[in-house]
Structure formats: C-alpha cells, structure tokens
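Engineer: I'd like to ask some things about the structure below.
The values are calculated or read from the model by the stated rules, or taken from the named source; none is laboratory data. Because the structure is a prediction, the values reported are computed rather than measured. Note that we place each Cβ from the backbone using ideal geometry, even for glycine, and neighbour counts take in every protein chain shown.
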Amino acid sequence: MHADLLIENCHLATMCPAPGGAPYGAMRDGAVALAGGRIAWVGARAEAGAIRARERHDARGGWLTPGLVDCHTHLVYGGDRAGEFESRLQGATYE
C-alpha cells in the first residue's frame, strides 16, 4: 500500500469495539496511514511495515482519534442572551 503520510508510535481511540473490550476502542502502539486526504488504514504499528509512505511522522506516544467528527450543533440564533446570563449570575435556573 502507498500512502502520503504514515503516523506511527501513537495510541488510537477508534471508538469502534476493540478486541478485549478496551474502552473507546483503544489500541496501544498503533499507526494511521493517509492517502489523498483521507484515512486509508488504521491498525497496529507492527502491521504497518508494508506501507510505503512519502512522509512519516512519529507521534511520540500521543493519542489520536482517527475520523472523529464532532457533530454537536445548535440552531442559528440571531438574538442576544445577555439577559439570560445576568439572570443565571443572580441564581436563576434554566427551568
């Protein structure tokens, strides 16, 4: 496999069920390959030997969450909530 970038020496939180039931799909000593601006491969670093990458990056044991998308959104609101903030400072609840 050819990749533009191979990120090695990282721990992965894949958010997918992992063998052994590790929380967050945790995988120690992993690697991530990117090709064409997309994730092309995720797995154990020991299995990444066949990947030919144009560039390699050592993550120094840091954590990566490949493909994490934060879909937290709010409706568009064109108003001002300063009054609500002031009320909360004075002890009002959201109820």
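Engineer: Would you mind finding the one in 70, 29 that is within 13 Å of residue 7 (Cα to Cα) and either of a type in the set (D, E, K, R) or touching a His at 6+ places or on another chain (Cβ under 9 Å) (or both)?
Structural biologist: Working: 70 fails: within 13 Å of residue 7 (Cα to Cα).
It is 29.
Engineer: Something else now. Name the pairs: first residue in segment 68-95 and closer than 30 Å to residue 16 by Cβ, second residue surrounded by 10 or more Cβ atoms within 10 Å (Cβ to Cβ) and of a type in the set (A, V, I, L, M, F, W, C), Cβ to Cβ under 9 Å, at least 6 apart or on different chains?
Structural biologist: Final answer for the pair search is 68/13; 68/15.
Engineer: If residue 84 passes every condition in (1) within 19 Å of the chain's Cα centre (by Cα); (2) under 30 Å from residue 95 (Cβ atoms) but one, which one does it miss?
Structural biologist: Every condition holds for residue 84 apart from (1).
Engineer: Considering each of 46, 82, 40, 50 in turn, give the residue that is surrounded by 14 or more Cβ atoms within 10 Å (Cβ to Cβ) and of a type outside the set (Lys, Arg).
Structural biologist: On the way: 46 fails: surrounded by 14 or more Cβ atoms within 10 Å (Cβ to Cβ); 82 fails: surrounded by 14 or more Cβ atoms within 10 Å (Cβ to Cβ); 50 fails: surrounded by 14 or more Cβ atoms within 10 Å (Cβ to Cβ).
Only one candidate qualifies: 40.
Engineer: If I filter segment 44-79 down to residues being acidic (Asp, Glu) and part of a strand (DSSP E or B), which single residue comes out as nearest to residue 29 (Cα to Cα)? Show your work before the answer.
Structural biologist: Kept after step one, since they are acidic (Asp, Glu), are these residues of segment 44-79: 47, 55, 58, 70.
Add one more test, that the residue is part of a strand (DSSP E or B), and what stays is 55, 58.
Working: 55: 19, 58: 11 Å.
That would be 58.
Engineer: Name every residue in segment 80-95 that is charged (D, E, K, R) and in a loop (DSSP other than H, G, I, E, B), in order of residue number. Before you say what the answer is, go through the steps one by one.
Structural biologist: So in segment 80-95, the residues charged (D, E, K, R) come out as 80-81, 84, 86, 88, 95.
Correct list: 80, 81, 95.
Engineer: Surrounded by 10 or more Cβ atoms within 10 Å (Cβ to Cβ) and modelled with pLDDT of 95 or more - does that describe any residue in segment 16-29?
Structural biologist: Taking segment 16-29 first, the residues surrounded by 10 or more Cβ atoms within 10 Å (Cβ to Cβ) are 16, 18, 22, 24-29.
Those still in the list that are modelled with pLDDT of 95 or more too: 29.
Within segment 16-29, one or more residues are surrounded by 10 or more Cβ atoms within 10 Å (Cβ to Cβ) and modelled with pLDDT of 95 or more.
Engineer: Now for a separate question. With the checklist (1) surrounded by 12 or more Cβ atoms within 10 Å (Cβ to Cβ); (2) out of contact with any Ser or Thr (no Cβ under 6 Å at 6 or more places or on another chain) in hand, flag the one item residue 90 doesn't pass.
Structural biologist: The number of the failed condition is (1).
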